[in-house]
Amino acid sequence: MAAKHWAAALFGLPLTIALIGILALLFPGEAQRSVLPWLLFTFPVWVLIMALMYLSRSNKKLWLLLTVLTVFSYSLLWLIKTYVVAK
């Protein structure tokens, strides 16, 4: 169970920030008007991600999945910022 606690503590917030960043960049409209709703939406998503981590039966698979999801999310965020928003 300690491995799940550490996974939730280490991967929960970075994964949430990447996912909210992707959604915020793809959301139409001015960024200045939608900052507060995205910030308010961050906490429920963070809690949901941390709660879903405890459904995993295997600690190794959980850590592997979270590592891959976090790296993929930040890569996608970088690609969106570089190629979609920059144009």
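The values are calculated or read from the model by the stated rules, or taken from the named source; none is laboratory data. None of the values given here were measured: they were computed from a predicted structure. Please note: Cβ atoms are built from the backbone with ideal geometry, for glycine as well, and neighbour counts cover all protein chains shown. Accessible surface is based on the protein model in full, side chains and every heavy atom, while ligands, DNA and RNA are left aside. Shrake-Rupley method; radii C 1.70, N 1.55, O 1.52, S 1.80 Å.
Structure data summary
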{"quantity": "Leading residue by the ranking (farthest from the chain's Cα centre (by Cα)) among those in the range 27-58 that are under 22 Å from Leu79 (Cα atoms), part of a helix (DSSP H, G or I) and at pLDDT below 90", "calculated": "Gln32"}
{"quantity": "One residue from Lys4, Lys61 being assigned to a helix (DSSP H, G or I), open to solvent by less than 50 Å² (accessible area, probe 1.4 Å) and of a type in the set (D, E, K, R)", "calculated": "Lys4"}
{"quantity": "Any hit, the range 19-26, residues being over 20 Å from Leu76 (Cα atoms) and either assigned to a helix (DSSP H, G or I) or touching a strand residue (DSSP E or B) at 6+ places or on another chain (Cβ under 7 Å) (or both)", "calculated": "no"}
{"quantity": "The range 13-33: number of residues that are in contact (Cβ under 8 Å) with a residue 60 or more places away in the chain and among the hydroxyl-bearing types (Ser, Thr, Tyr)", "calculated": "0"}
